[in-house]
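Please treat every number below as a calculation from the coordinates, not as lab data. Everything numeric here is computed off the predicted structure, so don't read it as measured data. Cβ sites come from the backbone with ideal geometry, for glycine too, and all protein chains shown count toward neighbours.
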Amino acid sequence: MFRFVYKNIDIAHKLDKASEPMENYQKHMHYFDEILYFVKGDVIYTVEAESRKLEPGDIVYAPSGKYHFATVNSDVSYERYVFKFPEQFVPEYIKQKRENFSPFLGNIKRFSDVFKAFDDYPKYYGDDELYAIFMCDLIGLLVKIFRNPTPIKDQTPDVISKIINYIDENLDKRITLDTLNEAFNFSKSYISNEFKTHMKIPIMQYIRTKKILAAHKLIISGTKKAVVAEMFGFEDYSTFYRSYVKIMGFAPTDGSKSTH
């Protein structure tokens, strides 16, 4: 087991024993991409509206801004490799391919040797060497995974998928339970309850987090903070600022923060 955190990547081989869980598998979104290679355990993983009971060899790819979490049976040891990295490292053609596939890619045991090799690297190389090696392996892995992907998709509530798609397409607009009621002709209580039941997060909290993550991308690309706040429908800059700090953990001027 190891963890390597350097510059803007965070890669780890984790084993949570049944008697000694390592972490809280909290529900979250973040501004970097994350790949999880599942080794063993009893885990149901959710990315946006899709959920899957993981099988050994599965890969989960959660792009930046996508809500995800693990539901873990803590009576069973949970082993996985986790690679966190900036979205800008992903080749553009892979980003386009990724949009057409489920976040769950199965039957990828053929890549197990790639991940197992990670365990030995820290024994022999310094930080800068490790960084270069891991980034080369990451690009190679992405190319191989998306050359002939084996997507797997479990059935999810259609209404949840439609709501998430609507939110993604209208982040630059004011979205409330009233606007969702008008868009889908479901009661506000039904939308709120169904979303919370499946996604384990209040829908308005989900929307605000998505807006802030989308705003972060624009800020680090050079768009002025006040302009971004207005673009995403915040009433004033102070409200945007407070939400940004609460969700991101740092002020809008600190857009160069790394993945950890």
Inset, instruction - Excluding G233 itself, calculate the net charge of residues whose Cβ lies under 13 Å from the Cβ of G233, where each Lys or Arg counts +1 and each Asp or Glu counts -1. - result: +1
Inset, instruction - Please list 69-81, 201-213 highest first by mean number of surrounding beta-carbon atoms within 10 Å per residue. - result: 201-213, 69-81
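I want the local charge near R174. Using Cβ-Cβ distances under 11 Å, sum +1 for each Lys or Arg and -1 for each Asp or Glu among the other residues. Please report the intermediate quantities before stating the final value.
Details: positive: K173, K211; negative: D172, D178, E235.
Summing Lys/Arg as +1 and Asp/Glu as -1 gives -1.
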Inset, instruction - Determine, from the Cβ-Cβ distance of E194 and I133 and an R0 of 51 Å, the FRET efficiency 1/(1 + (r/R0)^6), rounded to the nearest 0.05. - result: 0.65
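Taking the Cβ of K246 as the centre, find all other residues whose Cβ is under 13 Å away and add up their charges (Lys, Arg: +1; Asp, Glu: -1). List each step's numbers first, then the result.
Numbers: positive: R208, K211, R242; negative: none.
Here the charged neighbours net out to +3.
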Inset, instruction - Find which of I201, G222, Y190 sits farthest along the positive direction of the dipole of region 184-225, computed with +1 on the beta-carbon of Lys and Arg, -1 on that of Asp and Glu, about the Cα centre. - result: G222
Inset, instruction - Using a 10 angstrom cutoff on alpha carbons, build the Gaussian network for the chain and name the most mobile of M29, M199, M135. - result: M135
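Restricting things to alpha carbons, find the Rg to Rh ratio for region 25-178 using the Kirkwood radius for Rh.
Details: Rg = 16.6 Å, Rh = 16.9 Å.
Rg/Rh: 0.98.
Which order do peptides 121-128, 136-143 fall in by mean Cβ count within 10 Å, highest first? Intermediate values should be presented prior to the final figure.
Details: 121-128: 11.6, 136-143: 15.5.
Ranking the peptides 121-128, 136-143 by packing returns 136-143, 121-128.
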Inset, instruction - Mind checking the full-extension length gain between V143 and F250? Use 0.36 nm per residue of separation minus the Cα-Cα distance, one decimal, nm. - result: 35.2 nm
Inset, instruction - Would you be so kind as to identify all helices of the chain, as entire DSSP H runs, whose Cα atoms reach 27 Å or more along the helix's own axis and whose mean Kyte-Doolittle hydropathy is at least 0.0? - result: 127-147
Inset, instruction - Grab the DSSP H runs of the chain that are 4 residues or longer, score each as -39,500 (n - 2.57), total them, divide by all residues and round the 222 nm result to the nearest 500 deg cm²/dmol. - result: -12500 deg cm²/dmol
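Please report the equivalent ellipsoid semi-axes of the chain, computed as sqrt(5 x eigenvalue) of the Cα gyration tensor, largest first, in whole Å. Before the final figure, lay out the partial values.
Numbers: eigenvalues 199, 108, 58 Å².
Gyration-tensor ellipsoid for the chain: 32, 23, 17 Å.
Work out, step by step, the length gained on full extension between I201 and A183: first 0.36 nm times the residue separation, then minus their alpha carbon distance; give nm to one decimal. If you can, show how the numbers build up before the last one.
Details: separation 18, 0.36 × 18 = 6.48 nm, distance 2.06 nm.
Difference between extended and current length: 4.4 nm.
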